[in-house]
Each structure stands twice: as structure tokens, then as C-alpha cells.
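For reference, the structure is listed below as C-alpha cells.
The values are calculated or read from the model by the stated rules, or taken from the named source; none is laboratory data. All values derive from a computational prediction rather than experimental measurement. Note that we place each Cβ from the backbone using ideal geometry, even for glycine, and neighbour counts take in every protein chain shown. With ligands, DNA and RNA removed, areas are computed over all heavy atoms of the protein, side chains included. Shrake-Rupley method; radii C 1.70, N 1.55, O 1.52, S 1.80 Å.
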Amino acid sequence: MDLTTSYLGLTLKNPLVASASPLTLDLDNIRRIEDAGGAAVVLPSLFEEQIEQETGALEQYTRAGPASFAEAFSYLPSPASYRVGPHEYLEIIRKARAMVAIPVIASLNGVTGAAWTAHARLAQDAGASAIELNVFFIPADPSLNAQEVEQRYVDVLRAVKTAVSIPVSMKLSPYFSALAHMVRVLGMAGADGFVLFNRFYQPDIDLAASRLRLDLRLSTPTEIRLPLLWIGILSGQIAGSLAASTGVESSDEVIKYLLAGADVVMTTSALLRHGPDHMATLLAGLTQWLTAHDSASLAELRGKMSQRMLKDPVVYERANYIKILQTWPVGDYR
Ligand SMILES: Cc1cc2nc3c(=O)[nH]c(=O)nc-3n(C[C@H](O)[C@H](O)[C@H](O)COP(=O)(O)O)c2cc1C
């Protein structure tokens with residue numbers, strides 16, 4: 001059965017990719033992911049702040065600048081508290097590329113187009129097959145308008161594209177007022193693909209301890225609906241690749257994302273829950289489904305239920321919501 005797919009111009013043996021998390025920082029896990037059938041791995045993000053700390057820029061700022069500047073950076077973890085520094089990160093790329101045949105995608109996470117973006121070139125030189133760019137930016141300043149926020153994404157992308165010749169994907173959040181337009185603008189600025197979606201860190205309050213909780217929740221399959229909506233809408237409308245990220249627990253979610261039009265499907269939470277070998281379960285489920293539906297290749301399945309391919313494309317939009325509400329039973333809910 002032909003499960004090959006093209007992602008960011010790379011030919012992958014199947015659409016299953018391990019997304020960015022500490023799991024892929026470990027070479028043994030990367031090997032296990034490959035052995036279990038995973039088609040590519042994304043390394044965890046290297047943060048702009050880590051790179052700046054290493055290059056000494058931060059130190060320079062905090063020494064020479066006014067006291068308030070030092071304060072502004074006090075939220076950053078100390079260099080020692082990061083899992084790996086920029087140099088070790090490059091070493092992991094090198095070792096992973098030498099060890100496995102599958103593509104190894106480096107992830108960079110930053111919010112400015114400043115000097116740190118040149119690090120993308122070092123990742124390329126170390127052997128990264130592509131760069132995944134995560135602009136984790138929370139526009140909390142009320143004086144920032146949408147255009148300025150969007151321009152920031154374009155600036156970071158352009159700076160990274162200038163530094164490398166390997167493909168670059170943008171890992172986006174769903175929080176844009178015109179997401180389809182944003183994707184088009186980023187495509188014109190050189191993005192080779194889009195990962196939908198990034199899960200923004202969202203705090204919770206620990207009532208007993210009266211403080212913010214510092215934790216990350218693993219996802220559940222109910223969370224596939226938002227990325228599924230946008231993959232279904234964007235599939236066939238844009239030139240770049242589409243990666244689905246969030247909520248994959250079993251092959252059911254993988255198949256749904258592919259039907260909506262994803263070129264690859266990424267998973268982190270399920271691998272953290274069940275271990276890297278879970279890739280084999282996802283792959284077996286996908287293969288069984290294709291066999292049961294008499295499909296000889298992934299291409300026969302991909303995008304079949306995208307908005308463009310459906311007879312009634314409004315099912316992805318407002319009209320369908322109204323239809324659902326009209327049939328919703330009115331009753332006593334107490
Ligand atoms: C513990 C943990 C660490 C993560 N680290 C990163 C990271 O470094 N960079 C990144 O872009 N995404 C990171 N993510 C987000 C995942 O790559 C993924 O997009 C998200 O978890 C949704 O996918 P899932 O539902 O399969 O978990 C992390 C997620 C978890 C749970």
C-alpha cells in the first residue's frame with residue numbers, strides 16, 4: 001500500500017510525524033519512533049531567549065541597560081534551567097540525522113526577526129531537514145493592532161527564510177481574525193507549510209495554593225475539531241503543505257485529519273502517554289482502514305472530505321451551525 005505523502009517538499013513514507021516535545025530530544029526515542037513507523041520527527045523548540053542568552057546579548061542588555069530592563073528579562077529561566085543549550089541542540093540534530101533515515105525537523109520559537117534567527121542556518125548546517133517556526137506571541141498590549149501582530153509573524157518568517165535554503169513551516173495558533181488570509185500572506189512571504197495548531201500555554205489557578213498552576217495538559221481527541229475545521233477549509237486552497245496537530249490519540253483522528261486534507265498528521269500527547277511505539281498502533285490503524293475501504297494509496301483518501309470536495313461546502317461554515325441548532329431538541333434541561 002502506498003502511504004507516501006509530500007510535506008514541505010520532502011517525501012515521507014507515511015503521514016505520521018512526531019511533533020515537537022521533550023520526547024524527541026532523546027536520541028533513543030527518535031530511533032524508536034522511526035522503528036515504530038514514524039515518518040519524521042520535529043525536535044522541541046529552541047527559544048529565541050535561549051539563543052540570545054548564549055550569544056551574550058541578554059547579558060549585555062541587563063548589565064548596560066537601566067534597572068527596569070533587567071527586570072523586564074527577569075521572567076526568563078536561567079540558562080542552566082533549559083534542557084539543552086543551542087550548541088547541544090545542534091549536536092542532537094547532527095546525531096539524529098546520522099542515526100535515522102527519516103527527516104529531522106528543527107523547531108525555533110521566537111517573536112522577533114532579530115539576530116537569533118540566524119541560528120536557523122546553524123540548524124540547517126547541522127543537517128536539519130526543515131525548520132518549523134513557532135511564533136509564540138501573546139498580543140497582550142492593547143495598543144498593538146492586528147496588522148502589527150500579523151506583520152510580526154511575517155518579519156520572523158522572512159528573517160528565517162533569508163538565513164536558510166531548507167523548507168520552513170509556520171506553526172500557528174487559531175487566534176487570527178482572518179486566518180485564511182494570514183496563511184495566504186505567510187505563503188507569499190515564503191512559508192512552505194503550516195502546522196495547525198500550536199497550543200498556546202493557558203494558565204489555570206490552583207485555588208488551594210493561591211497561585212497560577214505551572215503545568216501543560218495533554219490533549220484529548222475532542223480537541224481535533226478546531227484544527228479539523230481549518231484544515232478542511234484550507235485544503236486545496238493554498239500552495240503550502242498542511243500538518244494537523246492536536247488531539248490525535250488513535251488512528252481515528254489520523255484518518256479524520258487526512259480526510260479533511262492534511263498532508264501529515266502530528267502527535268505529541270499520545271506519544272507521551274503511550275510511548276514512542278504508539279506510532280506503530282497509529283500506522284496499523286490507518287493501514288487497516290485503507291484496506292477496509294479498498295484504497296490502495298493515501299492519495300485516494302486525502303482531502304476527500306475537505307470543503308472543496310464536498311457537494312455541500314457550507315457544512316464547514318455558518319449555515320451548518322444554523323441547521324444544527326434548528327434540529328436541536330427544545331426541552332427541559334434541569
Ligand atoms: C510537554 C509538551 C512539550 C511541548 N513542547 C513544544 C515545543 O517545544 N515546541 C512546540 O512548537 N510545541 C511544543 N508542544 C506542542 C506539541 O508539539 C503539539 O503541537 C501539541 O501538544 C498538540 O498536539 P497533541 O495534541 O498531539 O499533543 C509541546 C507539547 C507538550 C505536551
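Within region 245-278, if we keep just the residues that are within 16 Å of W289 (Cβ to Cβ) and surrounded by 24 or more Cβ atoms within 10 Å (Cβ to Cβ), the residue that is nearest to the ligand (Cβ to nearest atom) turns out to be V248.
Kindly provide the set of residues from region 205-215 that are loosely packed, with under 11 Cβ neighbours inside 10 Å and modelled with pLDDT under 90, ordered by number. Listed by number, the residues that qualify are L214, D215.
Going residue by residue through region 284-305, is there one that turns out to be over 25 Å from I233 (Cα atoms), of a type outside the set (K, R) and touching a Ser or Thr at 6+ places or on another chain (Cβ under 7 Å)? Outline the logic, then answer.
At the first step, the residues of region 284-305 found to be over 25 Å from I233 (Cα atoms) are 284-285, 287-288, 291-292, 294, 296.
Going one step further and asking which of them are of a type outside the set (K, R), we end up with 284-285, 287-288, 291-292, 294, 296.
From what's left, touching a Ser or Thr at 6+ places or on another chain (Cβ under 7 Å): 285.
Yes: one or more hits.
So which pairs qualify, if the first residue must be in region 289-310 and without any contact (Cβ under 8 Å) to a residue 40 or more places away in the chain, the second must be of a type in the set (G, A, S), the Cβ gap must be under 9 Å, and the two must be at least 6 apart or on different chains? Partner pairs satisfying both residue conditions: W289/S251; W289/S295; L310/G232.
Suppose the filter is within 16 Å of the ligand (Cβ to nearest atom), open to solvent by 80 Å² or more (accessible area, probe 1.4 Å) and without any contact (Cβ under 8 Å) to a residue 60 or more places away in the chain; does R199 pass it? Full working, then the answer.
On the way: within 16 Å of the ligand (Cβ to nearest atom): yes; open to solvent by 80 Å² or more (accessible area, probe 1.4 Å): yes; without any contact (Cβ under 8 Å) to a residue 60 or more places away in the chain: yes.
Criteria met by R199.
In region 50-64, is there at least one residue being in contact with a Gly (Cβ under 8 Å, 6 or more places away or on another chain) and modelled with pLDDT of 95 or more? Taking every residue of region 50-64 in turn, none turns out to be in contact with a Gly (Cβ under 8 Å, 6 or more places away or on another chain) and modelled with pLDDT of 95 or more.
Tell me the residue from G193, G285 that is within 16 Å of the ligand (Cβ to nearest atom) and open to solvent by less than 10 Å² (accessible area, probe 1.4 Å), please.
On the way: G285 fails: open to solvent by less than 10 Å² (accessible area, probe 1.4 Å).
Answer to the check: G193.
Candidates L8, L27, L16, L43: the one that is away from the ligand (no atom under 16 Å from the Cβ), of a type in the set (A, V, I, L, M), modelled with pLDDT of 95 or more and within 27 Å of T268 (Cα to Cα) is L27.
The C-beta contact set for region 259-276 (first residue touching a residue at least 40 places away in the same chain (Cβ under 8 Å) and under 19 Å from I238 (Cα atoms), second residue assigned to a loop (DSSP other than H, G, I, E, B) and among the charged types (D, E, K, R), distance under 7 angstrom, 6+ apart or interchain) comprises L259/K304; G261/R302.
In the list L133, L157, which residue meets the criterion of being touching a residue at least 24 places away in the same chain (Cβ under 8 Å) and part of a helix (DSSP H, G or I)?
L157
It is to be established whether one or more residues within region 247-256 are in a loop (DSSP other than H, G, I, E, B) and among the small types (G, A, S). Yes, some residue in region 247-256 is in a loop (DSSP other than H, G, I, E, B) and among the small types (G, A, S). Filtering region 202-244 to residues that are part of a loop (DSSP other than H, G, I, E, B), in contact (Cβ under 8 Å) with a residue 24 or more places away in the chain and within 16 Å of the ligand (Cβ to nearest atom) leaves L218, S219, T220.
The set of residues in region 104-121 being at pLDDT 95 or above and either away from the ligand (no atom under 16 Å from the Cβ) or open to solvent by 20 Å² or more (accessible area, probe 1.4 Å) (or both) consists of R121 alone.
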